[in-house]
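Single-structure report; data block below.
A short reminder: the numbers here are calculations on the coordinates, not readings from a lab. Given the structure is predicted, the values throughout are model-derived calculations rather than measurements. All Cβ positions, even for glycine, are placed from backbone atoms using ideal geometry, and neighbour counts span all protein chains on display.
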Amino acid sequence: MDLPVRILGTRPEQPVISVDGAWDAPGLNLSHWPGNRTPPELAHELSTGVALNFARLPQARREELARGCVAIANNHFDTDGVCALFAVRHPELALRHERALLDAAAAGDFFEFPSEAALALDLFVAASCDAQRSPIAAQLSGLDSLARYQCATEYLLASLPKLLDGGLEAQRALWSADVEASKAERRELERCVRDDVAHLDWTTWVAPRSAQAFSPGRHALLGSSRSDRVLVAAPAPGGMHYRLVVSTRSWFELPGRERAPRPNLRELAARLNTLEGCSASAALAWRAQAADTPSPEVWFGGRDHDLFAERCAALAPSALDVATVRKCVAQVLRESLALPE
């Protein structure tokens, strides 16, 4: 659609086509976020998929749905959002590259590994907004976050046709190391003892004794299992490293899938601290991010671990054995199940 693309920090007064997000903007909403107002006929598990469904409509129907809208807008910057903006702004081009756009969006929003190319594009999108690493770093210098998002989005919307036609290879320096690391971690996960508990939507990997302090990233973990909750346990000097990650799939609104109740992660951390014999205020303890965030984690170690971080640098050896940790996790997961009345 021949409308300007805008990254907005506040709710606009005039109607817009708002993609990826549910921020009460007037106009047409194309999103998979909780609370979205996407027309049911366009629903998809990714905002990019919603936007592609919109792009597939006859032009007259698109104009009807978007009547009065003055811009195509988002209020944040990520791969799913950029790909969704591209699909609305350049529908014919986007539909020719549908699979590549959906896979890159899944790598971004679900932390999955649909393909090397998908992860590479997701990493490149993220790097494009980095004032130090971006191909347009000079243009980003000195800008506040909103202005950087706008500038990087405009660059990507202009670059995506070439990137999707093989141009990503010329940018290997921005993504190849991370892609290779994730591939190596996925191979190492295949050497681990794996256990899937379907009714708890939970996968556990226990690394062999030879894999000291094995610490795979999110894309390896969530790209190797369709479970919503994944736990990795790895031997470390003096104990075991543990990291439990909850997927965004239980946070976004996915067609045909009822959102699973989130387990009480802070209660889980409290019980594990009791078993560990340590205080939650100790320098090393079991930590939990808020369960109502899109993809929270539980780990044993230091406090400093950002939301959505690919790897957890805060891990420290726990004295608890795998059986004890798994039993405690299972109890809390069971308690979160919605039982029929």
One checks the Cα atoms of the chain and finds Rg and Dmax, in Å, of 21.2, 66
With label points set 7 Å from each Cα along the Cα-to-Cβ direction at Gln59 and Asp321, the distance between them in nm comes to 7.0
Rounded to the nearest Å, the spacing of the alpha-carbon centers of the stretch 219-244 and the stretch 59-80 is 39
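Over the stretch 184-336, what relative contact order in percent results from Cα pairs under 8 Å that are six or more residues apart?
Relative contact order here is 22 percent.
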Measuring from its Cα centre, the chain shows a charge dipole (+1 at each Lys and Arg Cβ, -1 at each Asp and Glu Cβ) which, in debye to the nearest 20, is 480
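Cα convex hull of the stretch 50-122: how many Å³ per residue? Show your work: numbers first, answer last.
Numbers: hull volume 6.0 nm³, N = 73.
Hull volume normalised by residue count: 82 Å³.
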Summing -39500 (n - 2.57) over every DSSP H run of at least 4 in the chain, dividing by its residue total and rounding to the nearest 500, the 222 nm mean residue ellipticity is -11500 deg cm²/dmol
From fewest to most C-beta neighbours within 10 Å, the residues Leu254, Leu231 line up as Leu254, Leu231
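How about the stretch 93-142: which trypsin sites (Lys or Arg not before Pro) there are in a DSSP loop, with at most 14 other Cβ atoms within 10 Å of their Cβ?
Values: sites: Arg96, Arg99, Arg133; in loops: Arg133.
Those satisfying the criteria are Arg133.
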Any DSSP H helix in the chain with Cα axial reach of 24 Å or more and mean Kyte-Doolittle score of at least 0.0? Listed by number, the hits are 145-164
